[in-house]
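A quick write-up on the structure given underneath.
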Amino acid sequence: MSMPFYVSPEQLMKDRAEFARKGIARGRPVLVLSCADGILLLAENPSSSLHKIAEIYDRIGFAAVGKYNEFEGLRQAGVRYADLRGYSYDRGDVSARGLANAYAQTLAGVFTTEQKPFEVDLVVAELGTGPADDRLFRISFDGSVSHEVGHVALGAGAEAIAKRLADVDFSALGLADAQQTGREAMGLAADTGVEAALLDRSSDFHRTFRRLEGDA
Amino acid sequence: MSGFGPAFLTSTSTSFFDLVSTLRPEALPTTTGTPVSLPPEGTTVLAFRTADGVLMAGDRRATAGHHIASRRIEKVHRADATSVIGIAGTAGLALELIRLFQVELEHYEKIEGTPLSLEGRANRLAAMLRSNLGLALQGLAVVPLFAGLDASGRSGSRGARDVDTVGRIFSFDVTGGKYEEVDHHAIGSGAGPARSALKRLWREGLDTGTGVRIALEALTDAADDDAATGGPDIVRGIAPLIRTVGPAGERRVPEEEVLAAASALADARMRGEEAP
């Protein structure tokens, strides 16, 4: 009987992480930021029907970079989780923290036990009553979660985008200004396809997510 | 491993009802055996087409036998941005069915990224009623009335119309039968008098103000003859619940506005005149 080669756990994890990182770094950037009017989600996306940003629940939005089929499956799982929880308890009992937790557990499980890790990075954003109460969670391919303040960028050039926005105070900016600043930081040309959506702080209905058409 | 269970990640269904039935069937309304006492029931909901789309109105009374169980129950609800649902029958089940239906529509919209067609929504509702057949046979029946704007421009049994959007009304029976109604319809124990009033007063191209008055006329007639239907209660300030769907979406007519129209109608009836 032949013995498999021994690979140290450190090496195994390193290889997997490198593989996932490579896939994610190829993805076009996504930027989520909380401004005075709500939480703005921006994604460079040439397609108008394969979305990278989406509604999960009343005050919770979702943004992702990486492999489409993988994050689309995760998005649908999130919608199922949120709707089931909201129906069993109350709409107010669905929180981004619980959802981020479930995503983290799932991604961590796949990262350590499956043949191939998910090549995705996610943001789960929850709208608060003011910019200070907004919650932005970033969940990485290996299941690590971080709580970001003000803005979070994913995908190609994410660090450069975050650096450019380090000194901007979005909590004072309205929607139009925030969108302008965000686009500039992402380095997008005027004719680049952009997907934009807002979790609207001034919405009259319990569902606050709306896509921003046209202007893009 | 915690996180999402396998059903969350591998499901291919767009139906919330299917999801609950698989994962948490105990959350669905079911009862076994015959109920020991009469549960509260709701009555008289009507709907008709207007110039803009549709209008639906319902009284606010729930009864249990000869006892008035509630004066403020709400039987007409927003289903989604372009449709409304009203319900007559066992109140507890009816309200739960509405909640389930609302989540069902929202769930489809989020999973698919686009709202379900009006006909599709009516078919889903019929399927949900059918799955409740066991309850109907125990005497706990729920019959909804569903109305909304059809963006496809189809107008069902009434043939093609040269407009982009058109209001459509669907009624159902306890076995899940779905019937499209022409122009106007009423359900519940006060449906007889309400339908007579609508037949007499309804005409093509009604504006919202006139629509509210006609709905109140019909509900007042129903309350006159049916003990289980409550008319406008001006003393307590409880008005029938009226919702409209137009090109700008679903809207609830403010209660003060309905109360004012109800007082005007009562004054006119006292003087023996036609309402303004």
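So the values come out like this:
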read-out: Complete set of residues in the stretch A:47-71 that are out of contact with any helix residue (DSSP H, G or I) (no Cβ under 7 Å at 6 or more places or on another chain), more than 11 Å from every other protein chain (Cβ to nearest Cβ) and under 16 Å from residue A:23 (Cα atoms); value: A:52, A:68, A:69, A:71
read-out: The listed residue being over 24 Å from residue A:134 (Cβ atoms), in contact (Cβ under 8 Å) with a residue 40 or more places away in the chain and polar (S, T, N, Q), out of A:48, A:8, A:2; value: A:48
read-out: Which listed residue is of a type in the set (Phe, Trp, Tyr) and either surrounded by 22 or more Cβ atoms within 10 Å (Cβ to Cβ) or within 13 Å of the chain's Cα centre (by Cα) (or both), from A:6, A:57; value: A:57
read-out: Qualifying positions in the stretch B:94-112 - farther than 14 Å from residue A:83 by Cα and in contact with a strand residue (DSSP E or B) (Cβ under 7 Å, 6 or more places away or on another chain); value: B:94, B:97, B:98
read-out: Residue within the stretch B:213-227 that is under 29 Å from residue B:130 (Cβ atoms), part of a strand (DSSP E or B) and touching a Gly at 6+ places or on another chain (Cβ under 8 Å) present; value: no
read-out: In the stretch B:107-123, the residues that are free of Cβ contacts under 8 Å to residues at least 60 places away in the same chain and either assigned to a helix (DSSP H, G or I) or facing chain A (nearest Cβ under 10 Å) (or both); value: B:109, B:110, B:113, B:114, B:118, B:119, B:120, B:121, B:122, B:123
read-out: Boolean, residue B:154 is surrounded by 15 or more Cβ atoms within 10 Å (Cβ to Cβ), modelled with pLDDT under 70, of a type outside the set (Phe, Trp, Tyr) and farther than 27 Å from residue B:43 by Cβ; value: yes
read-out: Failed criterion for residue B:87 (all others in (1) modelled with pLDDT under 95; (2) part of a strand (DSSP E or B); (3) surrounded by fewer than 24 Cβ atoms within 10 Å (Cβ to Cβ) hold); value: (3)
read-out: Some residue of the stretch A:150-158 being in contact with a Cys (Cβ under 6 Å, 6 or more places away or on another chain) and assigned to a helix (DSSP H, G or I); value: no
read-out: Residue ID - nearest to the other protein chains (Cβ to nearest Cβ), chosen from residues in the stretch A:72-95 that are polar (S, T, N, Q) and farther than 15 Å from residue B:15 by Cα; value: A:88
read-out: Cβ-Cβ under 8 Å pairs, at least 6 apart or on other chains, the stretch A:99-122 side more than 8 Å from chain B (Cβ to nearest Cβ) and under 14 Å from residue A:62 (Cβ atoms), far side small (Gly, Ala, Ser) and not in a loop (DSSP other than H, G, I, E, B); value: A:99/A:78; A:99/A:82; A:120/A:64; A:120/A:66; A:121/A:64; A:121/A:66; A:122/A:63; A:122/A:64
read-out: Of residues in the stretch B:26-56 being at pLDDT 85 or above and not in a strand (DSSP E or B), the one surrounded by the most Cβ atoms within 10 Å (Cβ to Cβ); value: B:44
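The values are calculated or read from the model by the stated rules, or taken from the named source; none is laboratory data. Worth saying up front: this structure is predicted, and the values here are computed from it rather than measured. Every residue, glycine as well, gets a Cβ built from its backbone with ideal geometry; the counts of neighbours run over all protein chains shown.
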